Amino acid sequence: MDDSLSFESFLEGAKKAAHRAMDDHGRGEYDEFALHGGVAVERLVKAVLVSKNPVYLLEMRNGNPDMLLYLGGHLEMSADKVRTVGAKDAIKRIRTLGLLPPDPKLDLLIELRNGTAHTTVGDQAKTLLPALAENVASLLKDIDLPEEGFWGRWTSAMKVAVDKQRSEIERDVEIRIRQARHRFDDRFAGLPEGAKEKILLEARPTTADIAAGPISITSWKNLLAMIATMPCPACGGQAQVNLAPSNETAEANLMPGRLCCHLCALELSGLDEIRASGTNVQLTGPAASLAIDWNRALADGTTLGSVHTG
């Protein structure tokens, strides 16, 4: 039988596709995540089937009857004539064997991968990471392969994805932090030793929590917004935080609305996500080092004009 249909070949293909899926998800390319995630599941399922019996790869519908003899090791066939069972039927066989439970989210991932789901791929695929993690974990148990041997550097992120002790937003934020951390590390692949540490040293804020300022935006005596910096929860560099006051007075409490790190591209939106990252967000209105007053009137009544410090 062709080596491409061996257990080792299917397993290696599954690992490569799974790692690509995680890279895609971390970059926000959810269409590609669905494609590579679906391929990863299909190849891992076929690896499990081959480990039981290569004949379990036989395509029953409209298949070449000679494939039975080929998979049984008693007939040679040219590579262009070799056809195996599709992803949906392969998963069905695995479920018949009791190795996977029914899972509508896994079925949706395969449909998105095949282009048969009547929905926007990215919107649906973004939420399917836990389903990928759970089903892969079940299949790995059957072939007695530790998750570290399959997921490598993504192992901890996949464990977070299935951690029921965390809330959904905590799982989502923690996974994104780990994805950003890997993205940051990848930027320095092949560069001289110490390059990453030098960048972080130059960019790191001086405090452990949000460092207010240096820019606040006011309209007359009313505080409208502030741009602050804080240590990035992913890479430790300097992240920018947009802070909005609870009211328009100069004494207003400032609460973070969005966090963005230019080093690792981590983005967190809203107070709940920033809190879930472990960031200290309890602040009161600090003094600004740069204020912008508007004097020139716009259509909505806002005025633009001078810039001053203090």
Q. In region 1-105, which helices (runs of 4 or more DSSP H) lie fully inside it and hold 3 or more residues that are at pLDDT 95 or above, among the acidic types (Asp, Glu) and more than 30 Å from residue 264 (Cα to Cα)?
A. none
**Q.** Condition check for residue 42: open to solvent by less than 50 Å² (accessible area, probe 1.4 Å), closer than 17 Å to residue 131 by Cα and of a type in the set (D, E, K, R)
**A.** yes
Q) Residues of region 123-181 being part of a helix (DSSP H, G or I) and on the phi > 0 side of the Ramachandran plot, which ones? A) 152
Q) Looking only at region 192-205, which residues are under 25 Å from the mean Cα position of the chain (by Cα) and open to solvent by 90 Å² or more (accessible area, probe 1.4 Å)? A) 197, 204
Q: Can you give me the number of residues within region 118-145 that are modelled with pLDDT under 95 and more than 13 Å from the chain's Cα centre (by Cα)?
A: 6
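The values are calculated or read from the model by the stated rules, or taken from the named source; none is laboratory data. This is a predicted model, so every value here is computed, not measured. The area values use the complete protein model at the heavy-atom level, side chains included, leaving out ligands, DNA and RNA. Shrake-Rupley method; radii C 1.70, N 1.55, O 1.52, S 1.80 Å.
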